[in-house]
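Below is one structure; the comments refer to it alone.
What follows is calculated from the coordinates using simple rules that are stated; it is not laboratory data. These numbers come from a predicted model, not from an experiment. Heads up, the Cβs are rebuilt from the backbone with ideal geometry, glycines too, and the neighbour counts pull from every protein chain shown.
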């Protein structure tokens, strides 16, 4: 048995040898633990405790029974999952979610990397900070505001985009209600809103690249493209791998706010994804057990995607996220 004095007080703590290091670390970094406490409480209250409600996916839950009615509800096993897998919506939701996510990965994921490299090459500090500020400002706009802005911009009655099309002799296009343009509109608006914010972490990673490498490459006659390809990108490959793993993990976790504020029944066929479907089934039609089964299926697939993408990243030489 050993004793440990609490810093700033005369209180003596008796600790066992096996717990000595743990308690000493806990006391030494107590302020850091207090700073992390709100974050831990957030995940505990809003992420872990609600997992208890997942059991309604395997029950015929009646909301009239209240919270404790979950225990009294009848078990139905995998019936809710079978209903979903055999419905006409399963194929449509999978197709829309995977296609929209694939387009976002293909075009949206490299966009902040490219912008970060371009900003990193700017030598004028004032101009560099101005570009950074302008590009990440849209991140602070809600999708309600952005969707309203897009509706006005693409309107067939006075919208500047359709006004230019009319001048070019092209009939006005209802972009937001047109199945041919809606997915492209989602991807482009998502890139515009998030590209500046996404560059922050890559710019931070680029500051850790040794500048002597650039100087040596310039002396060897390397072009800017060669410097980016052989120095900048390899210098931030670990960060790119981690962000890609997280992006793949969110492949079924679409931006509900964006789609919800932009879509309409006219584009359900190409825009309806898991989250919008769960919202309609769970909150609008009050099918709580069924919507919980759909949400649980989506979460399990997302977890599998994270595990597989992390394993693939390790195979390619990255450290991954665990």
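Note: relative contact order over the chain, using C-alpha pairs below 8 Å and six or more positions apart, is 21 percent. For region 176-245, the alpha carbon positions stretch 55, 24, 19 Å along the principal axes, listed from largest to smallest. Mean-square fluctuations from a GNM of the chain, with a 10 angstrom spring cutoff on Cα atoms, peak among 179, 129, 287 at 129. In terms of surrounding Cβ atoms within a 10 Å radius of their Cβ, 229, 75, 143, 192 rank from fewest to most as 75, 229, 192, 143. When the Gaussian network model of the chain links Cα atoms closer than 10 Å, the mean-square fluctuations of 219, 83, 51 top out at 219. Computed from the C-beta positions of residue 86 and residue 256 and an R0 of 22 Å, the FRET efficiency is 0.30 to the nearest 0.05.
I want to verify the translational diffusion coefficient of region 211-287 in µm²/s; compute it with Stokes-Einstein, Rh as the Kirkwood radius over Cα pairs, at 25 °C and 0.890 mPa s. Approximately 150 µm²/s, per Stokes-Einstein.
Neighbour counts of other Cβ atoms within 10 Å put 115, 164 in the fewest-to-most order 164, 115.
Footprinting exposure proxy ranking of 220, 60, fewest other C-beta atoms within 10 angstrom first, gives 220, 60. Largest GNM mean-square fluctuation across 252, 99, 283, computed for the chain with C-alpha springs under 10 Å, falls on 283. Take every pair of alpha-carbon atoms less than 8 Å apart whose residues are at least six positions apart; their mean separation over the length of region 52-204 yields a relative contact order of 25 percent. One compactness figure for the chain is 1.30, namely its Cα radius of gyration divided by 2.2 N^0.38 Å.
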